[in-house]
Each structure stands twice: as C-alpha cells, then as structure tokens.
Amino acid sequence: MPLFNSYKIIYLSFLVCLVAAIFPLPIMFNAFRPDWMLLVLSYWVMALPHRVNIGHAFILGLLLDLLLGSILGMHGLLFSLLAYFTSINFQRFRNFTLVQTTLLLGVFIFLAKLGLYWIASSMQEITLHRPYFWSIFTSMLIWPWFFLFMRFIRVRYRVS
Amino acid sequence: MIACCVGLLIADNKYNLFSPARVYLNSIVAPIQYIADAPQKLFSSFSENIMTRQALVDRNQQLEKDNLHLKADRLLLGQLQSENKQLRELLNSEKKFKYKRMITEVMSLRSDPFTHQLLIDKGALNGVYLGQPVINEQGVVGQVSQVGSTTSRVVLIVDATHGIPVRVQRNDVIAIVHGSGAWDQLKVPFVQSNADIKEGDLLVTSGLGGRFPAGYPVAKISRFEYQEGELYATVTATPVADLDRSRYLLLLWNDDPLADADLTLDTPELFDAPVQ
C-alpha cells in the first residue's frame, strides 16, 4: 500500500474523531461523551508507531484546543505525553488482551483528565463538576468495539 | 521533544503570546466546526419546514399581536427618547441610546469543560471585535473573548473569569458582578453590609468600564446575607438571561462614550464662576 493511501485513511479517521469530539449533544449526555481523540490516537500509536508519532499527537492536541477554545497547548501537551509513553511501550501493549488494554486506556484517560484539570486550575479559577470524570467509563465501554472496528478498517484498507 | 513542548506551551499560556495569531488559528479550525454543526442546523431547518398549517397560522397570529404591542410601545419610546434628549440637552449631558447591532446564531458545539463559553457564527469578517458585548432579548449574555474570521467565542457572565460593572436599578447603588462557575449563579463581592440591596432587586449594566452600554438587565439578587462581624455581605444573584437555552443572540457595537471624551480635569474656577 502506498504511503499516501495509508495517511489518507489515518487522517480521515482523525477528522471524523475531531468532529465527534465537538459534535453537539444534549446537555444530559454531554458528560458521557467518550474521549474520541484519545481513543483514536492511542489506537494508531499502538498499531503503527512508525506512522503516527508524538508530532501528530501534538498537532491534534492543538487543533482540539482551538476547537474547544481552551488554553492553547493544554491538550497538545497531554496528548504528546501519552503518545510518547505509548510509543516506547507499544511492543508490550500489543500483546495485551482486549480487557487489559481497556483497563490501561481507562488509566490513561484518567491521567489525561487529571492533567488537564491540573493545568487549567493552575492557569485560571475553575470549578470542577462531578460528571467531568464520567466519560472515562463510557470511553472504556466504547474502546473494545472501537478497537475491533479500527482493526477491521486497517486490515480492509491495508493501512501500514 | 517533550521538554521543549512543555517549555513552549507554558510560556505561551502564561504570557499570552498567541493572542494576535488566534484569529488565523481559529479560522483554520472553523471548517471542522461548521461540519460538526451542519447536522444540527439541517435538523432544525427540517423541523421548521414540517410544521402544520394550523401551527403556522397560530404562530403568525401570535407574532402579529406581539408586533402590534411592541409597535405601540415603540411610539411611546420615540416620544420618551426625544423628551429625554431635550432634558439632557438642558443638563448639558449627552448620552446615546442607539447602537448598531447584529443577530447571530449559536453553534451548539462542545466547549472546554472548565469554562462557560459559546461559539457564534459571526467573526472578524462581520466586524466582531474582542470584548464586544453580547445580549439576548432577556439581558446580558457575555462578551466576545476570541475572534476568528467566521466564528467567535463568547465568554458568559457566569464564567469564573468574568466580571461586569452593574448598578441596582432601584437606587443606583453600584457593584460588580462576578461569575461563579455554576450555570445559574453570580457573585456580587465587596458589598458593604449596610448597602441598600434587597432580594429581588434587578441589576443593570452601569456602563462604567466602557465595555457594556448602560442600562441592560444582567441579574436579579437571589440572596443577601450579612453575618455579624464580617467586613462585607455575601450577595448572590441569578442571571436574567437563559444562558444555556438561547439560540439567537445580539451583538452590540458599543461606541465607547469614554473613547473620545475629554478626561482631563477642568479647572474648577470655570464651574465656580458666579452666574451673572
């Protein structure tokens, strides 16, 4: 598969997830929105660490910052840290079972959210709402299906 | 690389180096925002199209009635306006009541969970500027905090970083209203314990500070409590505008009355001169 074609699929999946990350939902469900960007990033970094790396994570984080109107660089920093950690351990993570990766992802998202909260609270006066952490559980619920679906896409379009 | 990222980001956040570039950066992501907003827009226009004839007739009648009432009020308003102008001319003080304004639609996309903000579909190309006041038909909503070429962000009055100068409509006591970070609560700090403020008082913009034009309703006092020995009273208020439910907002062009005013102190003799 030519390089261009692989990147076409990867960037398309990033675009879809960016849209899903800001897609309007009723306020009730808003807190349950899975962290699509973290899911898609960790999938691609685990599957193709030579294609998707820290630079991608940083750029995507900046884009998400702009889309959400948060402090510039908040998500960029957290995403690149997570991408770094995933990319040095990708051999180990690949051998994990689906249950193990789900738990791992839960920990990742929790750390990311904690980091975001920490950065935001050090920059400005904010209030933490309890539903803020609920999206960890929906993300963990979504992850196995998301993982299988992405693997199907990767095999089907022979992204490598 | 990580270390480099961290250093760069912290520096940019702290010293706000990116603020001039924000217009261009926001313009880059605007297409994604329009894509994400499209289904919602499509759905709402679709649901507007499939209203029954009876519903349309009813609504039309209702709007005609409202229009009649508002026009009648407007007749009186014109009269009052000219009267007010005459009185102000007698007092030698000028005040403008007409502002340029523009209707804008809220793009109901997710925003940063730590701040209270809205995305609107007008930007620098429409003349939107930083700090521009935003209201709806009920009262003040907030002000523009970031501008893109076709979209902008509005920080709401309930955001913890927002403050707005107000006065009590009943007796012109001035105060400042701060956001609390909760959707329906505002704080009014530094109110003297003996200030004449009651629950239910309407707070309107005072026009001090020059950002917001004077006279628009902001909030209602919901609690006034004073504990013996405290320096200030605890006062909370609720915003009068439905911040989380408004779909259309109004942008105001506030020609700052202080912008071209002569703020140099006049010599007191000029005023104290005896009247012949």
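Quick look at the numbers
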{"quantity": "Point-to-point label distance, A:L141-A:L111, nm (Cα→Cβ direction, 7 Å offset)", "calculated": "2.5 nm"}
{"quantity": "Estimated dipole of chain A in Debye, rounded to 20 [Cβ of Lys and Arg +1, of Asp and Glu -1, Cα centre]", "calculated": "640 debye"}
{"quantity": "Long-range HN-HN contacts of B:L109 with modeled amide H, under 5 Å", "calculated": "B:L119"}
{"quantity": "Relative contact order of the range A:1-138, pairs being alpha-carbon contacts under 8 Å that are 6 or more residues apart, as %", "calculated": "26 percent"}
{"quantity": "For the range B:16-170: rounded, prolate or oblate by the Cα gyration tensor [a/c cutoff 1.5]", "calculated": "oblate"}
{"quantity": "Cα-derived Rg over Rh, computed across the range B:68-135 with Rh taken as Kirkwood radius", "calculated": "1.16"}
{"quantity": "Peptide A:20-27, shielding by other chains (average Cβ, 10 Å cutoff)", "calculated": "6"}
{"quantity": "Cα gyration tensor category, rounded, prolate or oblate, for chain A with a/c compared to 1.5", "calculated": "prolate"}
{"quantity": "Mean Cα-pair separation over length for the range B:48-199, i.e. relative contact order, pairs under 8 Å, 6 or more apart, %", "calculated": "12 percent"}
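None of the figures in this text is laboratory data; all of them are computed from the coordinates on show. This is a predicted model, so every value here is computed, not measured. No Cβ is skipped: glycine too gets one built from the backbone with ideal geometry, and neighbour counts run over all protein chains shown.
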